[in-house]
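Here the structure is laid out as C-alpha cells; the discussion comes afterwards.
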Amino acid sequence: MISLALAGWVIILADRFVLEGFILEGRTLCIIKNITGHPCPSCGIRSGIGCLTRFEIYRALLQNPLSLIVAAGGLVIPFWVAWDMFRKDISLFRFNQRAGIWLKKNPLIVFFLI
C-alpha cells in the first residue's frame, strides 16, 4: 500500500513539474470521456491534485471535489500503514471495516459520494 501511494505521488509530482501540458496537449486518458464525450465521476481528480500541489484549492474543487479526499488519503494512508507495521497492528483494516458498515447503514451518503 505504501508503494502504491508513493507511486501515485511520483506520478502526480512528475505530472506537475515535468509533464504538465507536454504529453497530452489537451487530450485525456479517460476512456469513458473519449468514447462518450462526457466526463466520468473520477475525471479531474488528477488535475485537481495537480492544482493542490500549486495550493489552488478553489480550482481543485472546481476540477473535482473528490481530489481533496484522494489527496488526503494519499498523504495519510502511507503513514498509517507504516505506523501499523511498526506497532504490528491492523487499525487501518479495522477502520476500513467500520467505515464500510457505517456506509451500508447510510446509503444517502453513498449516493452523494458517487
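The values are calculated or read from the model by the stated rules, or taken from the named source; none is laboratory data. It should be emphasised that the depicted structure is a prediction, and the values quoted were computed from it without experimental measurement. Don't worry about glycine lacking a Cβ; one is built from the backbone with ideal geometry, like all the others, and counts go over all protein chains shown. All accessible areas refer to the heavy atoms of the entire protein, side chains included, with ligands and DNA or RNA removed. Shrake-Rupley method; radii C 1.70, N 1.55, O 1.52, S 1.80 Å.
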So, with +1 on the Cβ of K and R and -1 on the Cβ of D and E, and no other charges, what is the size of the charge dipole of the chain about its Cα centre, to the nearest 20 debye?
400 debye
Choose one of S91, I32, I12: the residue whose Cα lies farthest towards the positive end of the charge dipole of the chain (beta-carbon charges +1 Lys, Arg; -1 Asp, Glu; about the Cα centre).
S91
Highest to lowest packing among 57-69, 76-88, scored as the average C-beta count within 10 Å:
57-69, 76-88
Per DSSP helix of 4 or more residues, -39500 (n - 2.57); summed, then divided by the residues of the chain. What does that give at 222 nm, rounded to the nearest 500?
-21000 deg cm²/dmol
Surface per residue (accessible, 1.4 Å probe) for the chain, Å²
78 Å²
Within 10 Å, count the other beta carbons around each residue, average over each peptide in 39-46, 100-107, and list them highest first.
39-46, 100-107
Which label belongs to the value computed from this structure, given these candidates for mean projected area of the Cα convex hull in nm²: (i) 8.3; (ii) 8.8; (iii) 7.3?
(ii)
I'd like the carbon and sulfur percentage of the solvent accessible area for region 65-114, probe radius 1.4 Å, heavy atoms only, ligands and nucleic acids excluded.
77 percent
